[in-house]
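The next block holds one structure in the form of structure tokens; read it before the comments.
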Protein chains: 2
Amino acid sequence: MSPIQANTPKGTRDFNPGQVARRSYISSVIRDVFERYGFQPLETPAMENLETLLGKYGDEGDRLIFKILNSGDYLGKARNSKSEIRNASSKELTPLISEKALRYDLTVPFARYVVQNRNDITFPFKRYQIQPVWRADRPQKGRYREFYQCDADVIGSNALLNEAELVKIMNDVFSKLGVDASILINNRKILESKILQGVDRDENSEQLFSSVTVSLDKFDKIGGDGVTEEMKKKEIPGKIIENVNFLLRMSGSNEEKVNTLKKDLSGADSNGLEEIEKIFDYLKDSGAQNVVFEPTLARGLDYYTATIFEAKVQSEQSESVAGGGRYDDLTNVFGLKDISGVGFSFGLDRIYNVMEASDLFPKNIGTVTKVLFINFDEVSEKYVLPLLQQTRDSGINAEIFPDQVKLAKQMKYANSKNIPFVVLVGTEEMKNGKLSVKNMETGEQQALSIDELIETLKD
Amino acid sequence: MSPIQANTPKGTRDFNPGQVARRSYISSVIRDVFERYGFQPLETPAMENLETLLGKYGDEGDRLIFKILNSGDYLGKARNSKSEIRNASSKELTPLISEKALRYDLTVPFARYVVQNRNDITFPFKRYQIQPVWRADRPQKGRYREFYQCDADVIGSNALLNEAELVKIMNDVFSKLGVDASILINNRKILESKILQGVDRDENSEQLFSSVTVSLDKFDKIGGDGVTEEMKKKEIPGKIIENVNFLLRMSGSNEEKVNTLKKDLSGADSNGLEEIEKIFDYLKDSGAQNVVFEPTLARGLDYYTATIFEAKVQSEQSESVAGGGRYDDLTNVFGLKDISGVGFSFGLDRIYNVMEASDLFPKNIGTVTKVLFINFDEVSEKYVLPLLQQTRDSGINAEIFPDQVKLAKQMKYANSKNIPFVVLVGTEEMKNGKLSVKNMETGEQQALSIDELIETLKD
């Protein structure tokens, strides 16, 4: 039998020890900041019922959800429920042979959780969640089929103080990580008022607005001309295109932009501008930096109803590293009305790539073992084992090479694991009770007692 | 449209903030001990190629693997590769419409990783991995379809010192968690020699041995008589049943059992007993407790070839909370020969249940926020916000209630989150700069400056 190919599935990745350490560094900074602001951790299962996920992310999203095949004789069971499966298309067959799917984001499972546990939750509920999500997207540079989101949401409070705190959280995390990011804010109410300004509202208005936001969302990739081009192709009315161009041409400070729109919309924006002003007022003395009112920011998902955020790295690609907004009706599909929520998500993998590219990780972040005891022979092994245990009992990560092989091989092992100190114990050392301790960075060798070694390693 | 039911899929669970905190407590103790012994973290994707997983866990295992439906028009693609799909059974159709599956354990993905990265790995490779796995098992008390394993393995070293260190790791973890567990050790070589003693070896011997270990594995559930009964039903030869009963009747100290078997097998066990003796010799002065040589321990999986371990809680059900062993050939299926490995896995969920039942978690483990600032009105909110920020900047988890609602509601919120201190700022407090700080446990109220408050909270 020929061997099975040892490969990860397309678009998925292993994380080696160094990568896990750097990823854990990012997630622990995020976790600490979330908790600093009183958010509590939540975890939901990787799988959700298919009906929980379908219809929440648009048609494209539905296609990208990974479905799990039912167990056992799934065709037999499907036949019992419906006899037409022999002629079914893939799309028709799927719901008959798949009841579960992998989560596509953390927001919808959170909404499901809130409704399921509404009687036990004291609102407002501030939760954070750091878990992987899965999307059957075409893999490309920086886009994976398994990636991690780090979400913080407040549900059951309308206060704009929440929006301000979420912006401050983004600011604190980027500042601690050394990532130079801008935090863009807009409000879907402003966007809708401006885009539909001077247009007769009818049953198509919602859909027109939604279609325009999809185009506007591509601004970073295709530029202003590209957005206009796409809107024309979609036969968006000229007045709307004109309105969008008004937004695209806007410039100035946050305050100037607010004032321009105030004058232009003259109170017709159902208080979106007041909300923006209030949020900036909260942020004024908070130390939050690079917070920008960006009237063209759209965010693709339709469930956002007011404030929207996006954090972008200040580089040429201006990559999005976080995003979110307020949603007034997300729990409604599960039967719980009138619960407003606001939240956002950090993209851990994107932050990782930015930090890697700019060399922002602290040094020695992946070093686990502090000292390796060389294993010369049975006698020295026997002598060393109690010393090893004493070192570990002092809270120091330590190991002995398990096999009695050539010194060169053991030294190579220490190097590959970035172990800073190596202890060599030969006949001489056993006689005088002093260990030869080699500093692997400087190459220096010292004779130390076990207590002296432990003191050295504790520093 | 009637609302969608808000439910987790059968056999899966949400973890609320208190549960996440307790689970993190367990995994961080495990992680610390793994690193204390020089193990490095690894993470693999939730999905593996189906062919990576199939055939590694027996027929029953193959059935319990969750398969992921291919994306897009999977039936169309399946038709292109094979025209018979209309008449296919579920079993025949599965490989045509599913190429990926959720990992079933962490050992096989680890073997796959090692082979895939063999040119970059310096052996011996000591890795740990704490991640969920999925099995389409019938859910029942204590058995879930998504659960967490915490694995430590050493691959590329034959030294028995590894076995001894793994036992010590189990001991250290249980000791730190306060879990009263026994660590059972056996060796498949001893087991095979004894079970097949006096039986003519032929091409069926392997299979007979494997079949007996499956029965023996049920000893805890069905007892010695049950094991005998089952072997008779399977028409296991009488001599073998007699040999198994010899093992089941054994008693005495570890040393006595080793000596009994030494005499009985008189060197015919291809050094399994020597290995056991050597491991106990390593453990003698290590402080490891409750390590028991258990000659009936079998472990279901066929890939174990020498030492096997299992940790059991000392209670009536004697539930298994960890298990593992040495495997000499696991990477062979992926084309890498002669790499021996040894490892084991903690069952996080089982340890959790044991600790919950015996009330072993430290108090206040789920408390995130240390102090809540009450939000009376706009004036007090404005006064409080800079104090809140100062508290957070001092490294203390703090929050303000986001809405200006009745005090009772805000106090209820503090109670439900176990927040130990609440700060009330009214006209009086703003005038004299002293905050009213209420200790939520004792009910005491103190007047403190912000600096005094921060000092109090830091303790």
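Read-outs throughout are calculated quantities, based only on the coordinates presented, and are distinct from any laboratory measurement. Just so it is clear, the structure is predicted and the values come from calculations on it, not from any experiment. All Cβ positions, even for glycine, are placed from backbone atoms using ideal geometry, and neighbour counts span all protein chains on display.
Annotations for the structure displayed:
- Separation between Cα centres of region A:288-313 and region A:397-459, rounded to whole Å: 54
- Neighbours of residue A:305 by Cβ distance under 13 Å: Lys/Arg scored +1, Asp/Glu scored -1, total -4.
- Between identical copies, the spacing of residue A:436 label points, each set 7 Å from Cα toward the C-beta atom, reads 7.2 nm from nearest to farthest.
- Copy-to-copy label separations for residue B:140, where each label sits 7 Å from Cα toward Cβ, in nm and ascending: 5.1
- Residue pairs, from the table A:218/A:363; A:10/A:221; B:126/B:257; A:412/B:337; A:337/B:409, whose Cα atoms sit over 27 Å apart: A:218/A:363; B:126/B:257
- Cα centroid separation, region A:1-16 to region B:326-387: 28 Å.
- Sparsely packed loop sites in region B:172-210 (the trypsin sites (Lys or Arg not before Pro) outside DSSP H, G, I, E and B with at most 14 other Cβ atoms within 10 Å) comprise B:201.
- FRET efficiency for residue A:440 and residue A:210, using Cβ-Cβ distance with R0 set to 60 Å, rounded to 0.05: 0.50
- Its residue count N sets the reference 2.2 N^0.38 Å, and the alpha-carbon radius of gyration of the protein assembly as shown equals 1.06 times that reference.
- Centroid-to-centroid, using Cα positions, region B:252-274 and region B:229-246 are 21 Å apart.
- Expected-Rg normalisation [2.2 N^0.38 Å, Cα atoms] applied to region B:352-459: 1.16
- Label-point separation in nm, residue B:427 to residue B:180, each point 7 Å along Cα→Cβ: 6.2
- Summed residue charge, Cβ within 15 Å of residue A:453's Cβ, Lys/Arg positive, Asp/Glu negative: -3
- Rounded to the nearest 20, the Cβ-based charge dipole of region B:272-320 about its Cα centre (Lys and Arg +1, Asp and Glu -1) stands at 60 debye.
- Of the trypsin sites (Lys or Arg not before Pro) in region B:234-309, the ones in a loop by DSSP (not H, G, I, E or B) with at most 15 other beta carbons within 10 Å are B:234, B:284.
- Residues B:407, A:53, ranked from the fewest to the most other C-beta atoms within 10 Å, line up as B:407, A:53.
- Dividing the summed helix terms, -39500 (n - 2.57) for each DSSP H run of n ≥ 4, by the number of residues in chain B produces a 222 nm estimate of -13000 deg cm²/dmol to the nearest 500.
- Using only the C-alpha atoms, the convex hull of region A:1-131 corresponds to 192 Å³ per residue.
- Least to most buried among B:232, B:100 (fewest other Cβ within 10 Å first): B:232, B:100
- Residues A:122, B:369, arranged from fewest to most other Cβ atoms within 10 angstrom of their Cβ, appear as A:122, B:369.
- The charge dipole of region B:359-401, taken about the Cα centre with unit charges on the Cβ atoms of Lys, Arg (+1) and Asp, Glu (-1), comes to about 180 debye, rounded to the nearest 20.
- Summed residue charge, Cβ within 9 Å of residue A:352's Cβ, Lys/Arg positive, Asp/Glu negative: +1
- Between the listed residues B:303, B:327, B:357, the Cα displaced farthest toward the positive end of the dipole of chain B, a dipole computed from Cβ unit charges relative to the Cα centre, is found at B:357.
- Within a straight-line Cα-Cα reach of under 12 Å, residue A:239 can be paired with the following aspartates and glutamates, leaving aside sequence neighbours fewer than 8 residues apart in one chain: A:200.
- Distance (nanometres) between label positions extended 7 Å along Cα→Cβ at residue B:408 and residue A:260: 5.1
- Semi-axis lengths (Å, descending) of the ellipsoid that matches the C-alpha gyration tensor of region B:300-406: 54, 21, 10
- Looking at region A:42-112, none of the chymotrypsin sites (Phe, Trp or Tyr not before Pro) sits in a DSSP loop with at most 16 other Cβ atoms within 10 Å of its own Cβ.
- Given charges at beta-carbon only (K, R positive; D, E negative), |dipole| of the protein assembly as shown in Debye: 1500
- Once C-alpha pairs closer than 8 Å and six or more residues apart are averaged by separation and normalised to the residue number of chain A, the relative contact order reads 15 percent.
- Look at the alpha carbon pairs under 8 Å that are at least 6 residues apart: their mean separation over the length of region B:131-274 gives a relative contact order of 23 percent.
- Largest to smallest principal axis extent of the C-alpha atoms in region A:183-273, angstrom: 34, 31, 20
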